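Asks: Here you go, one structure.
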Amino acid sequence: MATSKTKARMNAYDEDKSIGLTIHRIVCYVVLSIFAFLAIFFFYLLLINATRSHNEIQTSLSLLPGNNLLINLLGDKSGNSKFVGVLNDPNLMILQGLLNSLIVSGLSALLSVYFSGMTAYGVHVYNFPGKQAFFNTILLIMTIPTQVSALGFYNLMNDWKLTNNFIPLVIPAVAAPTVFFFMKQYMESSLPIDIVEAARIDGSNEFRTFNEIILPILKPAFAVQAIFSFTASWNNYFMPALILDKPEMKTMPLWIAFVRGRELATLNFGEVYMVLALAIIPVMIVYFCFSKFIVAGVTLGSVKG
Amino acid sequence: MANASVAAPKKHKGISYEKWGYFFIAPFIIVYLIFNLVPLLQTFYFSFFEKYTNTATWETIERFVGFDQYVNLFTEGRIFSYLGNTMIMWVMGFIPQIVISLLFAYWFTSVRLRLKGLGFFKTVMYMPNLIMAAAFSMMFMLLFSNIGPINEIIKNFTNGEAFAFMGHTWSARGLVALMNFLMWFGNTTILLMAAMMGVDASIVEAAEIDGCTSSQIFWKIVLPIIRPILIYVLITSLVGGLQMFDVPSILTNGKGNPNDSTTTLIMYLNTLISRSKNYGQGGCVSVVIFIICAVLSMIVYYFFTDAGVEKREKRKSFKIAKGGK
């Protein structure tokens with residue numbers, strides 16, 4: 001980084017061109033603000049619309065919340081309209097959908113960080129024959145999308161009578177190449193082998209070392225990867241659409257697709273926006289709590305600059 | 001080092017820990033084999049067999065047909081137009097994405113500008129990447145539908161006539177591209193920023209003293225240095241683009257309106273698997289996507305291993321130093 005000498009030079013430089021620089025900075029801030037606004041605007045609007053009534057949404061855009069939040073959620077009991085609200089709609093099982101999404105995503109996140117982290121640890125710590133070949137293979141398969149094997153997967157799950165079951169959505173998370181790669185990168189930079197050797201001298205067996213000594217050390221990295229796995233699984237539409245079709249098994253993206261399948265003219269927009277809001281709020285909450293770590297994790301997961 | 005001297009006699013006693021590695025990687029391998037490799041091979045297998053279910057008797061009939069289904073697929077030609085759709089929508093989103101991301105990354109890392117509020121901008125711009133694409137797409141459908149609020153505004157200028165965004169090829173594709181852009185520009189900005197921070201500040205400074213303009217520094221110094229990361233971003237984005245499904249599928253209710261102009265490869269595959277149960281054709285489509293991705297992943301792989309050369313070299317010399325002691 002800049003030393004005091006270069007800083008002084010920069011300051012002199014700044015004074016030379018201070019007006020030009022100020023203008024340049026203002027342009028930057030304006031453009032950045034426009035795009036930051038674009039990035040957040042639609043989600044803000046989505047949440048706002050979830051609190052407004054069908055008529056309000058249809059006739060005008062508003063940036064201020066309405067007072068239809070509870071009506072969109074629970075229905076309108078006072079008026080003579082037939083509107084029942086998201087939670088009481090007999091055709092929508094949104095609470096069940098949220099629970100299903102939570103189960104699938106939670107288990108996927110746990111399995112993928114634990115087992116793929118364990119795999120990274122195995123490759124990082126032990127020099128077994130075939131290690132390099134294994135590592136290279138994972139690098140190769142990392143960019144192959146799961147969709148290309150979806151046909152065989154769907155067929156296999158049909159044969160095993162595992163459709164409308166969470167197992168096909170949860171168990172494959174054990175083998176997550178991206179989590180493996182991230183954890184391997186992370187271990188290379190911050191897990192000295194000495195710790196493992198010290199544990200051995202103290203008589204800890206290898207799995208205990210991993211579970212009781214390594215896991216706590218790597219907790220931050222595991223947490224970030226758990227969040228990424230959780231959101232990926234929470235937002236996943238393709239695989240659940242193949243595997244699940246019973247209403248009581250559907251996850252949130254499938255409920256959105258279900259609502260999309262209804263006739264546009266019959267939709268109550270307040271209700272639809274409420275479904276969308278319920279689908280994105282859990283991830284939004286997680287993001288705003290951990291955004292610092294998540295944003296930092298984005299670069300760690302890929303190549304280092 | 002003390003550790004080295006402790007580890008050495010252990011080896012003489014014949015206690016080797018290295019085999020434990022297999023136990024650690026076993027769950028990964030087993031699950032990968034069962035849930036990825038077997039289905040993948042089965043997908044390949046289906047592409048050479050005609051398989052259909054007789055819905056009356058639930059009997060499955062299988063017949064080896066060799067490359068016939070591939071010939072069918074290519075002569076029928078729909079796969080080319082779907083690949084075309086996918087690529088067009090990807091390019092329409094990717095070009096603004098890479099331009100904006102390069103610009104923002106350059107601004108954020110510029111020593112001269114020293115912008116404030118980096119954390120805030122990064123956090124806000126990355127957010128759409130984590131939000132459910134299906135929800136985002138559904139919302140766009142509502143906003144841009146003929147009775148949506150955007151058209152309420154348009155109607156003021158067109159004497160009450162709505163513009164059917166989902167009824168015109170380029171506006172429908174444009175909406176998909178716009179969503180992809182909004183979802184990914186933050187992610188790309190963060191990646192390119194990390195790359196640009198790796199550019200040695202003294203090189204830039206020297207160029208400045210030599211009288212280079214900002215744009216010269218950007219095009220002649222920064223861009224060539226971060227080229228490997230640019231290639232990485234390009235290819236991972238391309239592979240992501242090939243998987244485009246959620247956004248166009250929800251936007252058009254799985255129909256690819258208008259006239260199949262927004263139907264992507266994966267939407268086609270999805271229809272073949274779950275609606276028409278055409279396993280043979282589905283297998284062929286999968287194999288085609290697999291081959292494209294495999295080629296792309298080879299490029300990433302070589303890139304990774306080239307980038308890893310330095311690191312490996314360093315580790316090797318470290319080991320030699322350790323052994324020497």
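The values are calculated or read from the model by the stated rules, or taken from the named source; none is laboratory data. All of these numbers come straight from a predicted model, not from anything done at the bench. When we count neighbours, we look across all protein chains shown, and the Cβ atoms used for this are built from the backbone with ideal geometry, even at glycine.
Asks: From the list B:VAL111, B:VAL176, pick out the single residue that is surrounded by fewer than 16 Cβ atoms within 10 Å (Cβ to Cβ) and touching a helix residue (DSSP H, G or I) at 6+ places or on another chain (Cβ under 8 Å).
Replies: Answer to the selection: B:VAL111.
Asks: Mind checking whether some residue in the range A:201-209 is outside any helix (DSSP H, G or I) and in contact (Cβ under 8 Å) with a residue 40 or more places away in the chain?
Replies: no
Asks: I would also like to ask the following. Scan the range B:158-193 for residues that are in contact (Cβ under 8 Å) with a residue 24 or more places away in the chain and farther than 22 Å from B:THR86 by Cα and report the count.
Replies: 5
Asks: Considering only the range B:200-255, give the helices (runs of 4 or more DSSP H) lying wholly within it that have at least 1 residues that are touching a residue at least 24 places away in the same chain (Cβ under 8 Å) and more than 30 Å from B:MET166 (Cα to Cα).
Replies: In the range B:200-255, the matching helices (runs of 4 or more DSSP H) lie at B:201-209, B:227-242.
Asks: Continuing with the same structure: Considering only residues that are buried (at least 24 other Cβ atoms within 10 Å of the Cβ) and under 13 Å from B:TYR82 (Cβ atoms), which ones fall in the range B:246-267?
Replies: Step one: filter the range B:246-267 for residues buried (at least 24 other Cβ atoms within 10 Å of the Cβ), giving B:246-251, B:262, B:264-267.
Across the range B:246-267, the qualifying residues are B:PRO248, B:SER249, B:THR262, B:THR264, B:LEU265, B:ILE266, B:MET267.
Asks: For the range A:60-80, which residues satisfy the criterion of being surrounded by 12 or more Cβ atoms within 10 Å (Cβ to Cβ) and polar (S, T, N, Q)?
Replies: Within the range A:60-80, A:SER62, A:ASN68, A:ASN72 qualify.
Asks: Check A:GLY261 against each of (1) among the small types (Gly, Ala, Ser); (2) under 13 Å from B:ILE250 (Cβ atoms); (3) modelled with pLDDT of 95 or more and name the one condition it does not meet.
Replies: All conditions are met except number (3).
Asks: Right, next: Checking the condition aromatic (Phe, Trp, Tyr) and at the interface with chain B (Cβ under 9 Å from one of its Cβ atoms), which residue from A:PHE222, A:PHE258, A:PHE293, A:PHE210 passes? Don't jump to the end; show me each part of the working.
Replies: Values: A:PHE222 fails: at the interface with chain B (Cβ under 9 Å from one of its Cβ atoms); A:PHE258 fails: at the interface with chain B (Cβ under 9 Å from one of its Cβ atoms); A:PHE293 fails: at the interface with chain B (Cβ under 9 Å from one of its Cβ atoms).
One residue alone meets the criteria, A:PHE210.
Asks: State all residues of the range A:228-255 that are closer than 17 Å to B:PHE136 by Cα, more than 9 Å from chain B (Cβ to nearest Cβ) and part of a loop (DSSP other than H, G, I, E, B); if no residue qualifies, say none.
Replies: Listed by number, the list holds a single entry, A:THR251.
Asks: Right, next: Out of the range B:185-235, which residues are of a type in the set (Ser, Thr, Tyr), modelled with pLDDT under 90 and either crowded, with 21+ Cβ neighbours inside 10 Å or more than 16 Å from the chain's Cα centre (by Cα) (or both)?
Replies: Those that are of a type in the set (Ser, Thr, Tyr), modelled with pLDDT under 90 and either crowded, with 21+ Cβ neighbours inside 10 Å or more than 16 Å from the chain's Cα centre (by Cα) (or both): B:SER202, B:THR213, B:SER214, B:SER215.
Asks: Being part of a helix (DSSP H, G or I) and either touching a Pro at 6+ places or on another chain (Cβ under 7 Å) or closer than 30 Å to A:SER116 by Cβ (or both) is the requirement here; does A:ALA265 meet it?
Replies: Values: part of a helix (DSSP H, G or I): yes; either touching a Pro at 6+ places or on another chain (Cβ under 7 Å) or closer than 30 Å to A:SER116 by Cβ (or both): no.
Considered against the rule, which asks whether it is part of a helix (DSSP H, G or I) and either touching a Pro at 6+ places or on another chain (Cβ under 7 Å) or closer than 30 Å to A:SER116 by Cβ (or both), A:ALA265 comes out as no.
Asks: Counting only residues that are within 11 Å of another protein chain (Cβ to nearest Cβ) and polar (S, T, N, Q), how many does the range A:160-190 have?
Replies: 4
Asks: Select, from A:ALA120, A:ALA50, the only residue that is touching a residue at least 12 places away in the same chain (Cβ under 8 Å) and farther than 26 Å from A:PRO172 by Cα.
Replies: A:ALA50
Asks: Please specify each residue of the range A:169-197 satisfying the condition of being without any contact (Cβ under 8 Å) to a residue 40 or more places away in the chain and either out of contact with any Ser or Thr (no Cβ under 9 Å at 6 or more places or on another chain) or not in a helix (DSSP H, G or I) (or both).
Replies: Hits for the range A:169-197 are A:SER189, A:SER190, A:PRO192, A:ASP194, A:GLU197.
Asks: Of everything in the range A:67-85, what is of a type outside the set (A, V, I, L, M, F, W, C) and either touching a residue at least 24 places away in the same chain (Cβ under 8 Å) or within 14 Å of chain B (Cβ to nearest Cβ) (or both)? Give them in sequence order.
Replies: Within the range A:67-85, A:ASN68, A:ASN72, A:GLY85 qualify.
Asks: Another question, then. Which condition breaks for A:SER291 when tested against (1) polar (S, T, N, Q); (2) closer than 30 Å to A:THR163 by Cα; (3) in contact with a Ser or Thr (Cβ under 6 Å, 6 or more places away or on another chain)?
Replies: If we test A:SER291 against (1) polar (S, T, N, Q); (2) closer than 30 Å to A:THR163 by Cα; (3) in contact with a Ser or Thr (Cβ under 6 Å, 6 or more places away or on another chain), just (2) comes out false.
Asks: Looking at B:TRP90, B:TRP58, which one is touching a Gly at 6+ places or on another chain (Cβ under 6 Å) and either under 30 Å from B:GLY198 (Cα atoms) or not assigned by TED's automatic domain parsing to the domain that holds B:VAL239 (or both)?
Replies: None of the others qualify; the one that does is B:TRP90.
Asks: Please work out which residue is farthest from A:PHE238 (Cα to Cα), limiting yourself to the range B:239-279 and to residues that are of a type in the set (Phe, Trp, Tyr) and at pLDDT 90 or above.
Replies: B:TYR268
Asks: Additional query: Condition first: facing chain A (nearest Cβ under 7 Å) and modelled with pLDDT of 50 or more. Now tell me which residues in the range B:1-21 satisfy that.
Replies: Answer for the range B:1-21, where residues must be facing chain A (nearest Cβ under 7 Å) and modelled with pLDDT of 50 or more: B:TYR17, B:GLU18, B:LYS19, B:TRP20, B:GLY21.
Asks: Something else now. Looking at B:PHE94, B:PHE35, B:PHE24, which one is within 30 Å of A:MET183 (Cα to Cα), within 23 Å of the chain's Cα centre (by Cα) and within 14 Å of chain A (Cβ to nearest Cβ)?
Replies: Step by step, each of B:PHE94, B:PHE35, B:PHE24 is checked, and only B:PHE35 is within 30 Å of A:MET183 (Cα to Cα), within 23 Å of the chain's Cα centre (by Cα) and within 14 Å of chain A (Cβ to nearest Cβ).
Asks: I would also like to ask the following. Among the residues in the range A:138-150, are any surrounded by 18 or more Cβ atoms within 10 Å (Cβ to Cβ) and within 18 Å of B:PHE23 (Cα to Cα)?
Replies: Yes, because at least one residue in the range A:138-150 is surrounded by 18 or more Cβ atoms within 10 Å (Cβ to Cβ) and within 18 Å of B:PHE23 (Cα to Cα).
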